[in-house]
Amino acid sequence: AVPTPAPTGPTPVVLDVDTGVDDACALLLAARHPALDLRAVTCVAGNAEVDQVVRNTLSVLDVAGRPDVPVARGATRPLLEPARPARHVHGEDGLGDLDDAVRPRSERRPDPRHAVELLRDVALAAAEAGEELTLVPLAPMTNVALALRTYPELARGLRRIVFMGGAARHGNATAAAEFNVWHDPEAAAVVLDAAGELGIPVTMYGLDVFYDVRVTRSTATDLIGRTDPVARLAGALIDFQCRRFAEDDATIGDAGAVCAVIDPDGLSTQRLPVRVELSGSWTRGQTVVDRRDWGGDQDHDAHGLAPALIDVALGVQAERYARLWL
Ligand code: BDR
Ligand code: CA
């Protein structure tokens, strides 16, 4: 079972992003939904190079009317591999190359701290205040891996991790691997290992549900026609994806993981052992989800021996989450 949000007050959350068209959808939701208290956003190289991710993130938070949320620059590249931006998916600027009128450039400077330091400070401040944050990585988990290994004490301020990444079935960056895990497999492996060691519950919002939560192009057109700048940006983000992939609707993507924090009952999960494939000719970055429904092969690889048991999202009430986002 997925833990439910704390009974009183909005749930404090921190997002780790590579903004990113669908990260922007997630930021808008986290910044504006009254059930969430967005404490900080950390940026990492992924869909775009990290300085562009910072610029995009600041712009989106400006549009959302949240200049109060600290934004920190994090890792410029994965732990081992070079960065491999996804311009073919997210546009040259990582944010759909939208018009300045919809996505104004931000004047704001990022927080002077590195993402790892901001994560530590925000988590420890929460712990001091007797609170627990939900950490929502929506990008390659380089920052999160570095933070958990450098400052394991920050786990005291974490209630759980809900990450977008991985897949029980098939990948997208490759046949086997989902982009965020594929971009930094070592980081994902470290995060699962550290979460197991530190006792942090983890939910994996992966490709088995990611593409299911969709908004139509006609709804996007309606949003673009409104005066509210948040609605206009949200509509433009969906519209960009519809155009890019020549489809009549588009996923809200990473925003679904934020929906899962607000409304965990909309997600079906199963607690399963998950490992990250770090080698393999064609499978590097795959999340190997052990779905064997018997005890496993006790001599070769017993079911349940992976370092982390993860609540893997295997089904989503797509309409419910799309409505929530809208
Ligand atoms: C993930 O990869 C990125 O392109 C998206 O922002 C999302 O986080 C989907 O595989
Ligand atoms: Ca992302």
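Taken together, the values in this text are just the output of simple stated rules run on the coordinates, not laboratory data. Please read all numbers here as calculations on a predicted model, not as lab measurements. Because the Cβ atoms are built from the backbone with ideal geometry, glycine has one as well, and the counts that use them run over all protein chains shown.
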Legend entry - Peptide ranges 293-306, 182-195 listed from the most packed, as the mean C-beta count within 10 angstrom indicates: 182-195, 293-306
Legend entry - Between region 279-299 and region 73-95, the alpha-carbon center distance in angstrom: 28 Å
Legend entry - Long-range amide H partners of residue 315 with built H, under 5 Å: 268
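Return the calculated 222 nm mean residue ellipticity for the chain, to the nearest 500 deg cm²/dmol, obtained by summing -39500 (n - 2.57) across DSSP H runs with n ≥ 4 and dividing by the residue count.
Calculated at 222 nm, the ellipticity per residue is -10500 deg cm²/dmol.
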Legend entry - FRET efficiency, 1/(1 + (r/R0)^6) with R0 25 Å, evaluated for residue 149 and residue 271 via beta carbons: 0.55
Legend entry - Per-peptide average of other Cβ atoms within 10 Å, ordering 242-253, 17-28 highest first: 17-28, 242-253
Legend entry - Local net charge near residue 307, Cβ-Cβ under 9 Å (Lys/Arg +1, Asp/Glu -1): -1
